[in-house]
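**Q** Got a structure for you, questions after.
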Amino acid sequence: MSGIDLRIPEIAAGVASGTLSPVALTEQSLARISEQSALNAFLTVSRDSALAAARALEAKRADGVSLGKLAGVPIAIKDALCTHDAPTTCASKILTRASPDAASGTTAAHGWQPPFDATVVARLRAAGALLVGQANVDEFAMGSSGENSAFGPPRNPHDPTRTAGGSSGGSAVAVAAGLACGALGSDTGGSIRQPAALTGCVGVKPSYGRVSRYGLVAFASSLDQVGPFARDTRSAARLLEVISGRDERDSTSSSRPVGNYEAACEREVKGLRLGVPEEYFGEGLDPDIKQSIQDAIARLEREGVSVRPVALPHTRYGIATYYIIATAEASSNLARFDGVRFGLRLEPTRGDLVAMYGRTRDRGFGAEVKRRILLGTYVLSAGYYDAYYRKAQRVRTLIKRDFEQVFEEVDVIAVPTSPTPAFKLGEKVDDPLAMYLADVYTLPASLAGIAGLTVPCAPTKARADRPSLPVGMQLLAPAFEEERLFTLAAAVEHLVRA
């Protein structure tokens, strides 16, 4: 077993004690990234900067300097988070620099270079993490399969013909394939939880406000949250502890104390109340996934967890509500990509500023991003604002109230993360509605702003039309109660592996 196959707390302890070398760990990670480049997990590999950081960490250790909680741990960063020493492209042509023959619409392979680090990136560096590269992503985090990336989709290591999920698919692949020990993604409507489930990782969507969004390229500002991927629950807990907490540069970040998430992984589950909503176990759910989740719930019940049925009646409006609110916010946020301030700029054949805007945005944005900008602009337009956007915000409140009422009766809710296992690349790419339905179980929690985590359960059975594939159980808790999630997730992890 290589050093990077250890859990994150074990790696950090080994580096601190001198039994593991940060340089060797970094070289192992970089070698695997190169060997498995066909998975297309990374858009940028930060070889030089990662090795330089590793050497600096070894020098600190030699000088007797106390090392951080992620000392020597190779981490991948979703390419929607700003890093001062690597390009941030959001997997979009519009955040690349135009080539000399820009009039033809071609672009250079050089991405926009941020002048600063996102807060979460700065916190990882301060904790001693080694950032090995920028992970592939659906363009501007808009997608459920990775196929909206302008640079090709990441591929599921369990079956490279299948999706790794989206939009943080590259981050999920980096962890699932052992290319990095952990990763950061962002979750707007399921973009951490769904790819984690499809690739067999632990993925956490923190409560809205738990983690700073400063330096995350915005998709939908009232929904976006940064969170971790890891191969096990305790590693994910440590990552979340490091990146959480108040940030003066993000007015939506909370000053509430950060929990002891690692310690929560060691607590007993006996006496916890687990709610199971029937709305998440109906038509459209793969039978193998349903069985896997139900078996995990039954095991928890045998461990002393109190299981009871609950109702979330407004769940059925989640997709419609989300795709009004998220696209409205996207149309506003993406207005800044105009060919003037950064990234691609394509001059028109006639010297007209508006024509330059149109040409740049037409060539720079992919089809799905254009679709969402158009939808969002429409629902915000005069005569339609009340009929769509205002009504969606009211339904969002009803969805939030459903969760609040249920959490008066239970501590945590357990549901599937995805209605199906990883589907074939190309299978849904021409059917946007089918693609949107892939997030049917993750969207409501995002709209409510509560905490969510997915943990692997027993995989599906191998069949003639598909191999055995990962299954994720989604655990949901009230806002800022992430500790409950880690307690139950650690128990599921133990029971499934037993």
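The values are calculated or read from the model by the stated rules, or taken from the named source; none is laboratory data. No experiment lies behind these values; they were computed from the predicted model shown. So basically every Cβ, Gly included, is an ideal-geometry build from the backbone, and we count neighbours across all protein chains shown.
**Q** Being surrounded by fewer than 16 Cβ atoms within 10 Å (Cβ to Cβ), outside any strand (DSSP E or B) and touching a residue at least 40 places away in the same chain (Cβ under 8 Å) narrows it down to one of Ala38, Ala50, so name that one.
**A** Ala38
**Q** Quick one: count up the residues across the range 204-222 that are surrounded by fewer than 24 Cβ atoms within 10 Å (Cβ to Cβ) and either closer than 19 Å to Glu139 by Cβ or at pLDDT below 95 (or both).
**A** Final tally of qualifying residues: 4.
**Q** Inspect all residues belonging to the range 229-249 and state whether any of them is of a type in the set (Gly, Ala, Ser) and farther than 19 Å from Gln474 by Cα.
**A** yes
**Q** Here's a check for you: in the range 262-280, which residue that is of a type outside the set (Lys, Arg) and surrounded by fewer than 17 Cβ atoms within 10 Å (Cβ to Cβ) is nearest to Thr315 (Cα to Cα)?
**A** The qualifying residue nearest to Thr315 (Cα to Cα) is Glu278.
**Q** Specify the residue that is surrounded by the fewest Cβ atoms within 10 Å (Cβ to Cβ); the eligible residues are those in the range 294-319 that are more than 16 Å from Arg273 (Cα to Cα) and among the charged types (D, E, K, R).
**A** The extreme case among them is Arg316.
**Q** Here is a further query. Anything in the range 53-81 that is surrounded by fewer than 23 Cβ atoms within 10 Å (Cβ to Cβ) and within 23 Å of Asp224 (Cβ to Cβ)? List them, or say none.
**A** none
**Q** Continuing with the same structure: Going by what's in this entry, would Gly259 be described as surrounded by fewer than 23 Cβ atoms within 10 Å (Cβ to Cβ) and without any contact (Cβ under 8 Å) to a residue 24 or more places away in the chain?
**A** no
**Q** Among the residues of the range 216-236, what is the count of those that are more than 11 Å from the chain's Cα centre (by Cα) and closer than 24 Å to Tyr323 by Cα?
**A** 8
**Q** I'm trying to understand the selection: among the residues of the range 413-440, which are surrounded by fewer than 18 Cβ atoms within 10 Å (Cβ to Cβ) and in a helix (DSSP H, G or I)?
**A** Pro432, Leu433, Ala434, Leu437
**Q** If you go through the range 223-264 one residue at a time, how many are part of a loop (DSSP other than H, G, I, E, B) and under 21 Å from Pro195 (Cα atoms)?
**A** Qualifying residue count, the range 223-264: 4.
Each row is one residue, and each column tells you yes or no for (1) assigned to a helix (DSSP H, G or I); (2) closer than 26 Å to Gly200 by Cβ; (3) of a type in the set (Gly, Ala, Ser); (4) more than 25 Å from the chain's Cα centre (by Cα).
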position	(1), (2), (3), (4)
Val269	no, yes, no, yes
Val276	no, yes, no, no
Val307	no, yes, no, yes
Ala330	yes, no, yes, no
Arg345	no, no, no, yes
Val354	yes, no, no, yes
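**Q** Which of the residues that make up the range 380-428 are out of contact with any Lys or Arg (no Cβ under 9 Å at 6 or more places or on another chain) and among the hydroxyl-bearing types (Ser, Thr, Tyr)?
**A** Ser381, Tyr384, Tyr385, Tyr388, Tyr389, Thr397, Thr420 - these are the residues of the range 380-428 that are out of contact with any Lys or Arg (no Cβ under 9 Å at 6 or more places or on another chain) and among the hydroxyl-bearing types (Ser, Thr, Tyr).
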